[in-house]
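One structure is given below, encoded as structure tokens.
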Amino acid sequence: MRWSKFIEKECVNMDTGEKLGTFHRSDLVIDPKTGEIKNIVLPLGNSIFRRKTTELSLSWSSIQKVGPELIIIQQHTYLMES
């Protein structure tokens with residue numbers, strides 16, 4: 001699947017049922033040795049300059065299902081301040 005199609009989908013946490021948003025402004029954390037995607041960093045909230053926004057880091061392995069409109073994850077997520 002191309003990243004351009006992936007970012008259009010809504011992300012939902014299977015444990016809580018919470019909508020986490022889309023991946024339009026997300027960043028990928030890639031292992032430089034293997035080239036594998038380790039995490040997706042999803043900013044929460046709106047900031048024009050992306051200053052002082054809370055970020056949610058999702059493990060790539062937490063993705064359970066990618067459907068036509070939704071991405072379902074299962075993970076106890078943690079927040080990071082930036």
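The values are calculated or read from the model by the stated rules, or taken from the named source; none is laboratory data. Keep in mind it's a predicted model, so treat the numbers as computed, not measured. Counting neighbours? That spans all protein chains shown, and the Cβs are built from the backbone with ideal geometry, glycine included.
For S57, all conditions in the list (1) modelled with pLDDT under 90; (2) surrounded by fewer than 12 Cβ atoms within 10 Å (Cβ to Cβ); (3) not hydrophobic (A, V, I, L, M, F, W, C) hold save one; what is the number of the exception?
Checking S57 against (1) modelled with pLDDT under 90; (2) surrounded by fewer than 12 Cβ atoms within 10 Å (Cβ to Cβ); (3) not hydrophobic (A, V, I, L, M, F, W, C), the one that fails is (2).
Please specify each residue of the stretch 60-81 satisfying the condition of being at pLDDT 85 or above and among the aromatic types (F, W, Y). Spell out the reasoning first.
Step one: filter the stretch 60-81 for residues at pLDDT 85 or above, giving 60-74.
Result: W60, single match.
When residues of the stretch 1-27 are filtered for being assigned to a loop (DSSP other than H, G, I, E, B) and either touching a residue at least 60 places away in the same chain (Cβ under 8 Å) or not polar (S, T, N, Q) (or both), how many remain?
At the first step, the residues of the stretch 1-27 found to be assigned to a loop (DSSP other than H, G, I, E, B) are 1-2, 7-9, 14-18, 22-26.
The next check asks that each one be either touching a residue at least 60 places away in the same chain (Cβ under 8 Å) or not polar (S, T, N, Q) (or both); those that pass are 1-2, 7-9, 14-15, 17-18, 23-25.
Selection size over the stretch 1-27: 12.
Take the residues of the stretch 28-51 that are at pLDDT 90 or above and among the charged types (D, E, K, R): which is surrounded by the fewest Cβ atoms within 10 Å (Cβ to Cβ)?
K33
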